[in-house]
Amino acid sequence: MAKILVVTSGKGGVGKTTTSAAIGTGLALRDHKTVIVDFDVGLRNLDLIMGCERRVVYDLVNVVNSEASLQQALIKDKRLENLYVLAASQTRNKDSLTKEGVGEVLDKLKETFEYIVCDSPAGIEAGAHLAMYFADEAIIVTNPEVSSVRDSDRMLGLLASKSKRAQKGEAPIKEHLLLTRYNPERVSNGEMLGVADVNEILAVTMLGVIPESQAVLKASNQGIPVILDDQSDAGQAYSDAVDRLLGKTVKYRFLDVRKKGFFERIFGGN
């Protein structure tokens with residue numbers, strides 16, 4: 001049975017699209033047929049991070065408005081057999097999507113795919129509502145800072161009250177929390193919230209803790225989902241998160257300040 005997974009946040013710039021790309025790619029790596037859908041109409045970025053921006057001909061709005069078929073708009077990933085992308089429009093406004101149209105597209109995708117990962121725009125406007133409305137599960141992406149966590153709390157309230165499941169009195173959306181840009185040294189210095197602090201405020205199952213890493217920026221600039229960089233700490237942390245999403249018990253990594261080796265302590269290396 002197909003599962004619709006929304007990746008959302010209350011605040012922009014927390015790593016939501018990076019997370020959508022990583023989670024979708026991770027599911028495909030584990031032999032689940034997956035499509036990642038960009039709901040950020042007017043500001044699309046998913047195609048850049050996935051490295052398929054030059055292959056976008058038709059987009060989600062074209063399909064919703066019957067200007068193109070779903071098969072024409074879907075972009076098959078060149079690296080993974082089970083991975084596809086449905087891009088957002090760069091030229092339309094956010095009112096171009098309708099609840100009925102999006103519902104029809106998602107129903108068609110459910111006929112083919114095991115996982116439909118919806119990359120939501122930030123905030124609480126129409127695009128974000130549509131991305132979350134049909135969801136079965138949600139990944140709330142937040143940074144370890146008070147304003148980001150507070151906005152995530154607001155998103156949890158919307159997920160609990162404004163989704164199709166909530167309105168129909170069905171089982172609630174299963175919620176997961178993903179903490180990004182985590183820096184143990186800054187936590188120990190009191191400059192950033194720790195994992196326990198965030199858990200106490202939001203009380204949502206922690207799917208993963210992604211360390212602050214230059215590998216994320218490098219991968220994005222190269223059009224490669226960071227999860228494919230299995231030598232990086234961020235790539236490994238995202239891989240762990242995908243395993244947890246699929247029900248595996250995986251120990252959390254990269255939560256503690258890294259101890260410097262002998263030569264680093266002597267010569268001050270990073």
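The values are calculated or read from the model by the stated rules, or taken from the named source; none is laboratory data. Note that the coordinates shown come from a computational prediction; the quantities given were computed from them, not determined experimentally. So basically every Cβ, Gly included, is an ideal-geometry build from the backbone, and we count neighbours across all protein chains shown. Note: accessible area is taken over every heavy atom of the protein model, side chains too, but ligands, DNA and RNA are not part of it. Shrake-Rupley method; radii C 1.70, N 1.55, O 1.52, S 1.80 Å.
Points worth noting:
- Residues (over 17 Å from Val216 (Cβ atoms) and either open to solvent by 10 Å² or more (accessible area, probe 1.4 Å) or not polar (S, T, N, Q) (or both)) located in the stretch 21-35: Leu27, Ala28, Leu29, Arg30, Asp31, His32, Lys33, Val35
- Evaluation of Thr17 against the conditions (1) open to solvent by less than 20 Å² (accessible area, probe 1.4 Å); (2) in contact with a Leu (Cβ under 6 Å, 6 or more places away or on another chain) shows that the sole unmet condition is (1).
- Considering the stretch 59-77, and only residues there that are part of a loop (DSSP other than H, G, I, E, B) and in contact (Cβ under 8 Å) with a residue 24 or more places away in the chain, the residue that is most open to solvent (accessible area, probe 1.4 Å) turns out to be Asn65.
- Test result for Val41, part of a strand (DSSP E or B) and not aromatic (Phe, Trp, Tyr): no
- Qualifying residue in the stretch 217-231 (condition: part of a helix (DSSP H, G or I), farther than 26 Å from Met155 by Cβ, in contact with a helix residue (DSSP H, G or I) (Cβ under 6 Å, 6 or more places away or on another chain) and free of Cβ contacts under 8 Å to residues at least 40 places away in the same chain): no
- Considering residues of the stretch 83-131 that are farther than 20 Å from Thr8 by Cβ and under 18 Å from the mean Cα position of the chain (by Cα) only, the residue most open to solvent (accessible area, probe 1.4 Å): Glu114
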